[in-house]
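Just below is one structure, and these are the notes that go with it.
The values are calculated or read from the model by the stated rules, or taken from the named source; none is laboratory data. Since this is a predicted model, take the numbers as computed values, not measurements. When we count neighbours, we look across all protein chains shown, and the Cβ atoms used for this are built from the backbone with ideal geometry, even at glycine. Heads up: the accessible areas ignore ligands, DNA and RNA and are worked out on the full protein's heavy atoms, side chains in. Shrake-Rupley method; radii C 1.70, N 1.55, O 1.52, S 1.80 Å.
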Amino acid sequence: MDAISDRVFTETTSTETSNDDPSLLTVILDVSPAGWYRIRDQTSIDELAKSLLVFMNAHLSLNNSNQVAFIASTPQKSKFLFPNPEIDYDEIRTSSSSSGSASNQHQKTPTLVSKDMYRQFRVVDEAVLEELNVVFDEIANGIQDINNNSTLSGALSMALTYTNRMLTLDQSISTTTASAINSTTSMGAGSGSGNTATNSSTSNPSNSITSMKSRILIVTANDEDDVKYIPVMNSIFAAQKMRTSIDIAKLGFEDSSYLQQAADATNGIYFHVHDPRGIVQTLTSAFFIEPSIRPFIILPTNSNVNYRASCFVTGKSVDIGFVCSVCLCIMSKIPPSGKCPACESVFDEKIIAQLSKGPSVLSKKKRKIDTNGAAK
Amino acid sequence: MRLRLLYKNDGEDEKSLLLNFSNRPTMNNIKDALQTIVARSRTVIKDTPTPATTVSDGNETTPGAITPTSTPTPSSVGASSSASTNGAGSLSFNTPESLSDASLLRNFQLQQQYLKEDRNLRSIFTSSVIDNKLTPQLFWSTRLNQLRTYALTISQHRGPYNVLSTIKPVATSDNQVNVNVTRDTINEIFDTYPIIRRAFTELVPSKFSEGEFWSRFFNSKLFRRLRGDKINNSTNRGDVILDKYLYIDQTQKANEDKESATTSLDQTSKEPQSEQTSTAPSLQNPQIKVNKFLDLLGNEEDNSQKLGNRPDLTMRFEDDGIKKVNLGQENEMIVLMKNMNKLSSKMVEMSNAISTTQQSLTQPDEPDSLSQAEINEYQEELNLHDLNEVEESEFIRLSINSNLDAKSSLRRGSEAQMNHFTPDELSSFFSSNKFKPLVNLSDTYDSKNADIEKSSNEVTSLIKHNFRTFKLTTKDSHGVSYDDVKNLVDESLVQEIIRYNMTVVEFLSHFWKLFLNGNNPTQLKRLFASLKNCRNDLTALKERATKKFDEMELVKNNEKLREKIIRSLQSCLEPMEVSLDMACNEYVAAVRLAQKQQPQETESVEINDNGKRPLQQ
Ligand SMILES: [Zn+2]
């Protein structure tokens, strides 16, 4: 009965995870040809990839159980370069001097990185470089069919699903990486669409055994704002739920407002790299901050975020537009069909008529306004 | 066995006293008594703001004088009293019509009072309506919801509540216990707990002073019991005299109920507006006919005790006559529940009294003839909903077409960009990027010192910038002083920009609302003119500020600083400029378009229109 007259809430905040937790870093490299071609005077994609390797090696060296993943987003598809389920890394690790066996095509060619390199670095670097070469070949050969659609949203979804797997599965099982990658790649690789993002929240967090920290770094030179808005937004929300930060290293000339939003909403860092020649410095300083300490320090992030939404019909940013009351689809103009382009709901004709009748600026006093408008 | 006492008279040194005892019970008794006295003397009753009479000032007012004659003090006027006592006037909202859009717009008294209370709104109102000639009608038209909320807020008043539970004795550093009570609170206590009024009447002039009564009261078990605290008979100290009322309360329940009914009748009758006749018969407790639906006495007829299983303690029927012997040993829980129930019904009764006095007396109160709605309501209450089957929730399937961007023919903007380079160029570009053995990662930093420094500076300057923003935004909340940073910008200029911003936003929101949906060209035209004015004022403001900066000694001699300040000013004003220009341009464009679409022939239409409403000359 004391509760009737008095109630005291004592809030106890649970202490955060310890600092020794392993951390997963997923790098997404947007290999959209036009963007990179346009900044060819400043840097090349291979230069940048090397800097990224340095960055990943640095991450691995911080903690023995730190993890990395590398996803390439090409105009055709998104795919994991590392870890790759088709490669048995243990084999590479043990048979260091490509002695024989080698049913694998990768081992026939001479290795791209020095054999003297620290083994954990070498495994990652070798895999990424080889796979990147394959990616470049694919782009170079298939350049005619490229429609320049961005698959970044798909890559982001893949990164999130992989992160989710790594966060919830038992790390001690050695096959985890392979099994996680198998399921995620089979889900996301072909289509590269954002549908996978919705699955990421379904697994039960209670079976989480390790408390891993995670973040995603997107490196892109794409100046087009034509990102798939819904999948990217879904990914952002999923990342928020998973407490995964999305960092953006934006090269090229324009800011990308959707990626800005992604970083802003997930406590990530958005940094427009104007001059990529010294990017290794940027990567190892600005992008090296663990998500767990981000709330406490001043981040090198560009906080001027453009929160504009994208029109679902034209793919362009909207200043003033229409919103479907059923699915919240955003339109800069009412589709001629009178239906929502996303959910097919039929809009009320009367309301359409009212909305599209245009401003009534002059009915009776037409001439007066005319003189006013012209005078000023 | 000894007891040592330390005491101190004003201005004297501490003295001690040693008492010897030969038996422990006696010593404990004495000790308890002493502790009670000490605790009592340490309780200080503080009478907050109310000026008139205070409890502790020794001004022995009789309770009769205290209770009903006290009028609301000025502080509590405002909302509640004006709403409830005025009854009439534009600030009462008893009818649905008084809350309609039109009547809210017409209710100037309400608007005025709202503006008086909301400082933010007032400054928007001043700058947009008074300074810039926005019509008040338009101003309020977008704020009808706020206005309605405010109207409802002020037309409500506080209902009865458990007064004692809000009183919290506070221990101070010098070991005193402070209790804050106002005269109003005391009146409320008397109204809610007639037993206290009774104790006060019986004891105060004759036995204690008023102050002593209250300090005893706040140390008594009676206080804790009425508050709803659990009292433990053995350990807690109480007050011998006042705690008697604990039992009086129980034994004379019936009498007391009668008394309480009459006191509440007294009290309501003394309220300025209620007439003697207005006290509804339902207030006479004994006469209330309780509907069988709700009557707990009905449990007697359905006494499960006779059937074997002992019922829950709250459900046991006890004959008062037999059980009276064990008074004080009744289950603590039951006592508390009864107290709480009594309090609750008291509150319901009090608020009923208020509402019934406000209602007309034409409806005779016949508790037993329930309306269909009431029967339904009671039945609904008896229904155990959680035992019912849960209805399956139905979903409507939405077929979201997330691939629409791939198909859309409108999205071919990127092709133009692709044409800047031939596919061959791209193809060879990517081939040339391929890695050849051995890749040396030290390429990324070897002999790149200048580049690396540049990148480093880029990162650092961004951090610095963010830090400044952080300092600015946290300045107010943390009270960090900025004396070290000389503030070049006049506070008045900052205020002016803020005020401009509010005005511009206000006008723009009205403009877009009318422009996109409205059908009021005249009003729109007026808004357009206001926007134009705002735009000109803004330009003037900018020039004025720039000139002012240029005159500053510090700025004049420092080209870099000047540039920085001008840039900051620009970034402050830019959003306003852009949005104003956008609105003006849209308007002008729409006018032009409309003119093209309605060529000369509209002249005839115009004449028709003019027939109804003459053209301004
Ligand atoms: Zn829709």
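Sorting B:216-229, A:335-348 by their mean Cβ neighbour count within 10 Å, with the most densely packed peptide first, gives B:216-229, A:335-348. The candidates A:Thr26, A:Thr301, arranged from most to least accessible area with a 1.4 Å probe in the full protein assembly, appear as A:Thr301, A:Thr26.
For the stretch B:484-610, relative contact order (Cα pairs under 8 Å, six or more residues apart, normalised by length) works out to 28 percent. Buried surface for the B/A pair, taken as the accessible area of each chain alone minus that of the pair with a 1.4 Å probe, is close to 8100 Å² in total. Look at the alpha carbon pairs under 8 Å that are at least 6 residues apart: their mean separation over the length of the stretch A:308-354 gives a relative contact order of 27 percent.
What does the charge count around B:Leu138 come to, taking other residues whose C-beta lies under 14 Å from its C-beta (Lys +1, Arg +1, Asp -1, Glu -1)? So the environment of B:Leu138 carries a net charge of +3. Of the residues B:Asp550, B:Asp243, ranked by 1.4 Å probe accessible area with the largest first, the sequence reads B:Asp550, B:Asp243. Counting, for every residue in B:439-450, the Cβ atoms of other protein chains within 10 Å of its Cβ and taking the mean gives 5.
With the highest mean first, a sort of the peptides B:21-27, B:563-569, A:75-81 on other beta-carbon atoms found within 10 angstrom per residue produces A:75-81, B:563-569, B:21-27.
Only protein heavy atoms count here; under a 1.4 Å probe, A:Tyr307 has an accessible surface of about 140 Å².
Note on A:25-35: average number of Cβ atoms from other chains within 10 Å of each residue's Cβ is 2. In terms of packing, defined here as the mean over residues of other Cβ atoms within 10 angstrom, the peptides B:432-441, B:191-200 line up highest first as B:191-200, B:432-441.
For the stretch B:484-610, the residue among B:Ile497, B:Val578, B:Ile565 whose Cα projects farthest onto the positive side of the dipole built from Cβ charges is B:Ile565. Backbone geometry of the stretch A:63-76 corresponds, through the Karplus equation with coefficients 6.51, -1.76 and 1.60 at θ = phi - 60°, to 3J(HN,Hα) couplings of 8, 4, 9, 5, 10, 10, 9, 9, 10, 9, 10, 9, x, 7 Hz, x marking Gly and Pro.
Peptide A:266-279 has a mean of 3 when you count, residue by residue, the C-beta atoms of other protein chains within 10 Å of its C-beta.
Comparing A:Ser317, A:Ser332, A:Phe347 along the charge dipole axis of the stretch A:308-354, the residue lying farthest to the positive side is A:Ser317, per the Cβ-charge model.
At 7 Å along the Cα-to-beta-carbon direction for both B:Glu374 and B:Glu332, put a label point, then send me their distance in nm to one decimal. Result for the modelled spin labels: 4.0 nm.
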